[in-house]
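S.K.: One structure, pasted below without further comment.
The values are calculated or read from the model by the stated rules, or taken from the named source; none is laboratory data. Everything quoted here is computed from the prediction, not taken from an experiment. In this analysis, Cβ positions are derived from the backbone assuming ideal geometry, glycine residues included, and neighbour counts consider all displayed protein chains. These accessible areas exclude ligands, DNA and RNA; they are computed on the full protein's heavy atoms, side chains included. Shrake-Rupley method; radii C 1.70, N 1.55, O 1.52, S 1.80 Å.
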Amino acid sequence: MEFHRFFLYASIILSISVYLFPIMANSMGINYGQIADNLPSPEDVVPIVKSIGASKVKLYDADPKVLKAFANTGVEFIVGLGNEYLDKMRDPAKAQAWVKQNVQSHLPATKITCIFVGNEVLTFNDTSLSNSLLPAMQSVHTALVNLGLDKQVTVTTAHSLSILETSYPPSSGAFREDLVDCLSETLSFHQKTGSPFLINAYPFFAYKGNPKQVLLDFVLFQPNQGVIDPATNLHYDNMLYAQIDAVYNALASLGYKKLPVHISETGWPSKGDEDEVGATADNAKKYNGNLIKLMSKKTGTPMRPNSDLNIYVFALFNENMKPGPTSERNYGLFKPDGTPAYSLGISSTSNVAGSNTTTGGTNGKPLSPIPTPPSTPTSSSTGYLSISPAT
């Protein structure tokens, strides 16, 4: 690396570390998307990931340059098999060839712990994709077994939160009826193989869809009176935790109460189109900064206060080639040159919603049900449904 380039990144990383290292959670994950033509090299990304204290990275493919760059760093990786590979991966021989080339060849130097097969497949309403999902997952898992890797690498898939039929109040969380059969088979696979259930959750869409009715402080983890679930008397002062508990309840309703849930994507855009209410740098700073503070406390949701939250922030960089609205290209914590997209402003944890209590119903009054935002997906990389009114 040229000296001036090294000096630039070293200076950036040092300034970032001053703000983030003291309270960063060890279990923080980050999504590393690469739909851009101006990103730093994987070698330059390593110190940036380290600087924010992220110990886990989620890739949307199995880019060998990235996996080699992170060798011997101790950073854990989730690698992805895109939706376009699902039909091909139904063939056990092809699945094994893929695992040998893209996973086994990087172990143990690069710590690959999970493969997610397909992204938000069940909400595309494409039967060819949904019918191929579980067979592809099974083939990839069989390949891991054949190669002796199934004890260190699990297989899963990532879902949009719109697989839920209802999510408000959290105790009413339930999956869409038309997806229950398909989900039940997938959940059985998770239970048998010990793999986590991944969900992409974006409170941003709830606020964008109903800015006059959804309390901004509630979605940004800012101090607020919160809401009380009338069935459980649990108090919620942020939307993300309510979404997570809705997922826990949906899983429990199908008999999978103990299945681990990981938030594979969540974030807030720093810029958007005129109709993308709330997409500002200040709101992104509050959402991601407050989320990271909560993660550092290592406390769970009101329903699962002792469960570790495995959350992957979306995303590491702004990606200039992503299609869709302006927000899609502005979820990054960093600009492509490695400088912060905005200051996270992490200096204390005293004003974060959820920092004092996570359970009980005596400290706040129930708010009116939070309405459902528009359910039409805008991209396959983000979640759409937030808290919806109970039917």
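S.K.: What are the pairs with Cβ atoms under 8 angstrom where one residue, in segment 261-286, is free of Cβ contacts under 8 Å to residues at least 40 places away in the same chain and surrounded by 23 or more Cβ atoms within 10 Å (Cβ to Cβ) and the other, located anywhere, is part of a loop (DSSP other than H, G, I, E, B) and among the charged types (D, E, K, R)? Sequence gap at least six, or different chains.
M.R.: As it stands, the answer is none, since no pair meets every condition given.
S.K.: Just a yes or no: is a residue in segment 19-36 open to solvent by 20 Å² or more (accessible area, probe 1.4 Å), over 25 Å from His262 (Cα atoms) and at pLDDT below 95?
M.R.: yes
S.K.: Mind listing whichever residues of segment 226-258 are farther than 26 Å from Phe334 by Cα, aliphatic (A, V, I, L, M) and within 17 Å of the chain's Cα centre (by Cα)?
M.R.: Correct list: Ala242, Ile244, Ala246, Val247.
S.K.: Checking the structure you have, find out if any residue of segment 133-140 is without any contact (Cβ under 8 Å) to a residue 40 or more places away in the chain and open to solvent by 50 Å² or more (accessible area, probe 1.4 Å).
M.R.: no
S.K.: Which of (1) open to solvent by less than 70 Å² (accessible area, probe 1.4 Å); (2) modelled with pLDDT of 95 or more is the odd one out, the single condition Pro108 does not satisfy?
M.R.: Result: Pro108 fails condition (1) only.
S.K.: Go over the candidates Glu185, Glu165 one by one and state the one that is in contact (Cβ under 8 Å) with a residue 12 or more places away in the chain, farther than 23 Å from Gly29 by Cβ, open to solvent by 10 Å² or more (accessible area, probe 1.4 Å) and in a strand (DSSP E or B).
M.R.: Of Glu185, Glu165, the one residue that is in contact (Cβ under 8 Å) with a residue 12 or more places away in the chain, farther than 23 Å from Gly29 by Cβ, open to solvent by 10 Å² or more (accessible area, probe 1.4 Å) and in a strand (DSSP E or B) is Glu165.
S.K.: Of the conditions (1) in a loop (DSSP other than H, G, I, E, B); (2) touching a strand residue (DSSP E or B) at 6+ places or on another chain (Cβ under 7 Å), Tyr248 satisfies every one except a single condition; which number is it?
M.R.: (1)
S.K.: If you check Ser128 against the conditions, is it surrounded by 15 or more Cβ atoms within 10 Å (Cβ to Cβ) and either among the hydroxyl-bearing types (Ser, Thr, Tyr) or modelled with pLDDT under 95 (or both)?
M.R.: no
S.K.: I'd like the full set of residues that are modelled with pLDDT of 95 or more, hydrophobic (A, V, I, L, M, F, W, C) and either under 17 Å from the mean Cα position of the chain (by Cα) or in a strand (DSSP E or B) (or both), limited to segment 50-74.
M.R.: Val57, Leu59
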